[in-house]
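*Asks:* Provided herewith is a single structure, encoded as structure tokens, for subsequent inquiry.
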Amino acid sequence: MGVKMWIFYCADNSKCVFSIWNQWCLYYAAVACLLLSPVRTDDVCPSSCICARDSRTVSCRDGEDPEVPGDIPEWTSTLIVKGRNISTLQRGAFMINGTELEMTALWLSHNGIQVIEPYAFLGLPRLHLLDLSHNKLESISARAFHGLPELRSLYLNYSIMPEATAQLSNALSTQSLRNLHILELAGNSLESIPLMRLDIYNLHVLVLINNSIESIGLENVTNLYQQRRIRVYLSSNPFRCNCELEPFYYWLKNSSQCPDAGRLLCSEPEAKRDVPVEKLRGEDVDCTNENLEAVSYVFLGIVLALIGVVFLMVLYLNRGGIKRWLNNIREACRDQMEVYHYRYEQDSDPRLANVAV
């Protein structure tokens, strides 16, 4: 059988002749290149996740996977991981083969996260929103939030366990959060504002509702006066309405930085329970009057003690005369009793004597 020939005409009108054998070789070479070329992760969706390329959103909900999905598409802008069993966020958990992602929003609520290791969010330099609410954070590294220079919103509602309360302040003090606008820390049993300094942030909203804050100290109040743009939400905290509340009380009166000021209630003392903090009088939190009253009671006690000492000294110095005086009173009482006894015997009924005989 003769070999079939394919004839093509080139641009210069010269004949270009290829055999059928050469054509099949080119075809197999092309197929081999396609099969052996690496698969682009841009078009691969992680298992048990839903990917929406149009909105650049990847949603991974529910499941027992103990780790963050490791094959996140590079085009992902919003990643939602919810209802998983992720106990630890490891270093660089969101990096793909050392490649940074262009992700801007990361939702990690309700995953049972207990530990955040150093540089856990490394590789997310464009992240604007991070939600870690409703987890069980027991350990937060001081470098947990390093590498997030563009972060604007951080949500940690109902997530901080008592063991991690002290660590939270160090984790939030990083310079990586200098552009933070919104910080939500509701429902974490915090007893104070967990921010060492307010002037290193660009905070506009600070949510501290439903915690265990009894008072806000003078230093924090001074910082709040200086950061006029910030709005602080403080309802559902057990404020102790005594002298220590004075700086915070006058801040509420003179500032509009607390939008829910009307819902702040006293929990102590008992006489002021459920009284709005704004409705207190100046003398209720006046440290000067309280100190003067305390000094008055101390002075009265000292005076009474001195009077008692003087009285005891007088008794001691006159112990001889007092003894004689007591003896005289005793003798007088004895003489008087003898007189009564004698009169009783003289005035007794003579018929009683006859009966006795």
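*Asks:* Determine, yes or no, whether residue 212 is over 25 Å from residue 248 (Cα atoms) and not acidic (Asp, Glu).
*Replies:* No; evaluated as a whole, the condition is false for this residue.
Condition check ((1) modelled with pLDDT of 95 or more; (2) touching a His at 6+ places or on another chain (Cβ under 7 Å); (3) among the acidic types (Asp, Glu)) across all residues:
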| position | (1), (2), (3) |
| --- | --- |
| 195 | no, no, no |
| 223 | no, no, no |
| 226 | no, no, no |
| 246 | no, no, yes |
| 258 | yes, no, no |
| 262 | no, no, no |
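*Asks:* Let me ask another. Which residue pairs have Cβ atoms under 6 Å apart, sit 6 or more places apart or on different chains, and have a first residue in the stretch 185-196 that is of a type outside the set (Gly, Ala, Ser) and a second that is part of a loop (DSSP other than H, G, I, E, B) and modelled with pLDDT under 95?
*Replies:* These pairs meet every condition: 196/173.
*Asks:* OK, next. Could you identify the single residue in 332, 294 that is at pLDDT below 75 and surrounded by 10 or more Cβ atoms within 10 Å (Cβ to Cβ)?
*Replies:* It is 294.
*Asks:* Considering only residues that are aliphatic (A, V, I, L, M), in contact with a Ser or Thr (Cβ under 7 Å, 6 or more places away or on another chain) and in a loop (DSSP other than H, G, I, E, B), which ones fall in the stretch 225-262?
*Replies:* Once the filter is applied, which keeps residues that are aliphatic (A, V, I, L, M), in contact with a Ser or Thr (Cβ under 7 Å, 6 or more places away or on another chain) and in a loop (DSSP other than H, G, I, E, B), the stretch 225-262 yields nothing.
*Asks:* In addition: If the Cβ limit is 6 Å and pairs must be 6+ apart or interchain, which residue in the stretch 75-86 that is closer than 22 Å to residue 100 by Cα pairs with which residue that is assigned to a strand (DSSP E or B) and among the aliphatic types (A, V, I, L, M)?
*Replies:* Partner pairs satisfying both residue conditions: 76/58; 78/105; 79/58; 79/106.
*Asks:* Out of all the residues in the stretch 157-166, is one or more touching a helix residue (DSSP H, G or I) at 6+ places or on another chain (Cβ under 7 Å) and either within 26 Å of residue 104 (Cβ to Cβ) or not in a helix (DSSP H, G or I) (or both)?
*Replies:* yes
*Asks:* Would you tally the residues in the stretch 167-191 being surrounded by 18 or more Cβ atoms within 10 Å (Cβ to Cβ) and in a loop (DSSP other than H, G, I, E, B)?
*Replies:* So the answer is 6.
*Asks:* Kindly indicate the residue of the stretch 73-104 that is touching a helix residue (DSSP H, G or I) at 6+ places or on another chain (Cβ under 8 Å) and in a loop (DSSP other than H, G, I, E, B) and also surrounded by the most Cβ atoms within 10 Å (Cβ to Cβ) among those meeting that condition.
*Replies:* Top of the filtered list is 73.
*Asks:* I need a count of the residues in the stretch 125-156 that are under 17 Å from residue 81 (Cβ atoms), out of contact with any Ser or Thr (no Cβ under 9 Å at 6 or more places or on another chain) and in a loop (DSSP other than H, G, I, E, B).
*Replies:* So the count comes out to 0.
*Asks:* Here is a follow-up. Could you check the stretch 218-242 and list, in sequence order, the residues that are loosely packed, with under 15 Cβ neighbours inside 10 Å and closer than 14 Å to residue 287 by Cα?
*Replies:* Listed by number, the list holds a single entry, 218.
The values are calculated or read from the model by the stated rules, or taken from the named source; none is laboratory data. Note that the coordinates shown come from a computational prediction; the quantities given were computed from them, not determined experimentally. All Cβ positions, glycine included, derive from the backbone under ideal geometry; neighbour counts span all protein chains shown.
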